[in-house]
1. For segment B:7-22, what does the Karplus curve 6.51 cos²θ - 1.76 cosθ + 1.60, with θ = phi - 60°, yield as ³J(HN,Hα) per residue in whole Hz, taken in order and with x for Gly and Pro?
2. Based on the alpha carbon coordinates of the protein assembly as shown, what radius of gyration and maximum Cα-Cα distance (Dmax) apply, in Å?
3. Please report the antiparallel percentage of DSSP beta bridges with both residues in chain A, rounded to the nearest 5.
4. With +1 assigned to the C-beta of every Lys and Arg and -1 to the C-beta of every Asp and Glu, and no other charges, what is the dipole magnitude of the protein assembly as shown about the Cα centre in debye, to the nearest 20?
5. If I take every Cα pair under 8 Å that is 6 or more residues apart in segment A:1-137, average their sequence separation and divide by the length, what percent do I get for the relative contact order?
6. Taking θ as phi - 60°, what are the ³J(HN,Hα) couplings along segment A:61-72 by the Karplus curve (6.51, -1.76, 1.60), each to the nearest whole Hz, with x for Gly and Pro?
7. Let me confirm one metric for peptide A:82-92, namely the mean number of other chain beta-carbon atoms within 10 Å of its residues' beta-carbons.
8. Taking H placed 1.01 Å from N in the peptide plane, check which residues at least 5 places from residue A:42 or on another chain put their amide H under 5 Å from its amide H.
Amino acid sequence: MQIRIENLSFRYLKSNRDNLQKVSCTIEAGERVALIGHNGSGKTTLAKHLNGLLQPQQGRVFIGNHLIAGESTAQCASKVALLFQNPDDQICMRRVYEEVAFGPKNLGHSSSRLHILVKEALTLFDLSHLSESNPYDLGYSERKRLALASITAMDTPILVFDEPTAGLDEREISLFIGAIHNLQAQGKSVIMITHDMDFVAEHIPRAICLKSGAVAYDGLVQNLFNNEELLSSCSLRPPQVFQLSRHLHHTPRALTPEQFVSTLSRSVQ
Amino acid sequence: MPETHSTLFIPGDSRYHRLHPFNKLAYILLTGVTVYLGPGKSLAAACLIILNAGFAVEAAIFIPLWRVLWRTLLPLALYMGIIHGFFNPANHTVLISLGNMSVYQEGIQFTFTVVLQLSAVLSASLLFAFCTHPADLITAVSQAGWPPALAYLLGSPLLLLPAMRERARTIQAAQRARGLETHGRLSQRFRAVFPLITPLILGAIVEIEQRAIALEVRSFNIPGKKTSWRKVTDSVVQGFFRWGMVTVIIMIVTYRFIN
Ligand SMILES: Nc1ncnc2c1ncn2[C@@H]1O[C@H](COP(=O)(O)OP(=O)(O)OP(=O)(O)O)[C@@H](O)[C@H]1O
Ligand SMILES: [Mg+2]
């Protein structure tokens, strides 16, 4: 399902500047996009416009050719699932299984479908063995995975993750990578807000970069990292392998360690 | 974020703001006692409301105070007005006849008195909450030589409530994002309350633990007298008025017992 944002502007009640300024972009079905930018650049604010938690003060938001204006968040939830930054704002049930079932149940899935969705999501994030536990007995990263599982179980065509990898270790991040590949295989769009440039370089082809509420860059991640001035003005830094390959004048510059090693071995031969 | 976001306090430098917190507390107590136990119920309440309105104008908080007041009391007034206007057992003077039902004067009068009394107490309490920084209350209590634990107990709800309200909003937003209908029909709103309770209470318990640790690492329980960075000004005149109010409170209570 396509997302189209046209000239979206927004200012919080107690703010003295526009927190989003004429943001326009289109995200196609099945795309994987990173939403990046400095702290306070408006990433979360933009994400909240995609499911009606915030209503645009100017401009329009379309989800699959359907204008969302005056539609309640609960209605948007069947199309757009949003992971909140802090898992503890989200967890509200006494059992892990119930927690994951909360979203799809609200969306009115049949009970057999519900069971399948929950089982799949639990397996995807390696939580099956904890399905009877109380979410509050879990550790932070387990709760984070639980929140991720609850969002993917909603089976929406669009998923927005706000800082999904914060607090996860290598193994857990690879679970998440597996999950987003799985989602893309089903033709779902994934938008991921993150500060982790290594992750973006390796796994996300397109980046939208916000700077003080305005779109500063929208395009391929490779080209973004080449633009040093823009990067530093957005308080961003390319991954270390990229910096290293720039230093060694490799073309194209490597985004992943594998690319770096293969270019290096070619130049040595 | 500015301080106003996390407490009810509205900064200002009026006379009412600068009053000693105990004077404002004594005034709330005096209002309550006068209105509920003193003679001349509605008249006394009306006078106190006018006085409070004057204070609110002086402290430049009339608009926010008025907003909270009518939002709280109007629904109550309507609800009570209907119930008592029609069904109060003391009803016998008909005001308006609607078919075979009638609205009676006694019920309306009763509602009027109750709302007036509540307005007086609520406006005095809101004056206190809007014009007293919780830290000043805490400082005043510990300067008076009472245990700091008591000061914390008194002050923390004022600091915590707005933070809890903010958290409840975030939690509800997260649940709406997962398809829970929290607006709309009354039954839907009611059902939406249950999933809110667990994260709110458990979150608060976790926070209490963190607060305890934070207090401990700042030597909250260390014996000996502590000095305070904040100063709460007091004066002989204020002390005089304070004890004056306490005396009147005692007099009214005694009067009530004798009669
Ligand atoms: N409820 C609010 N009221 C007023 N201003 C707000 C509110 N929420 C956010 N802001 C402001 O809006 C701007 C954008 O905030 P937002 O949370 O969207 O940033 P962000 O890009 O998600 O940052 P981070 O990387 O820290 O999560 C910030 O300057 C922030 O201070
Ligand atoms: Mg954010």
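The numbers here are math on the coordinates, done by the rules we state, and not lab data. Quantities reported herein were computed from a predicted structural model and do not represent experimental measurements. Neighbour counts run over all protein chains shown; Cβ positions are idealised from the backbone, glycine included.
1. My calculation for segment B:7-22 gives 9, 7, 4, 10, x, x, 10, 7, 4, 5, 4, 7, 4, 5, x, 5 Hz in order.
2. 30.0, 108
3. Counting only bridges with both partners in chain A, antiparallel ones make up about 50 percent.
4. Around 1180 debye, computed over the protein assembly as shown.
5. Here the relative contact order equals 20 percent.
6. Calculated HN-Hα couplings, in order: 10, 10, 10, x, 6, 10, 6, 9, 9, x, 8, 6 Hz.
7. Mean shielding count: 6.
8. Those lying under 5 Å, H to H, from residue A:42: there are none.
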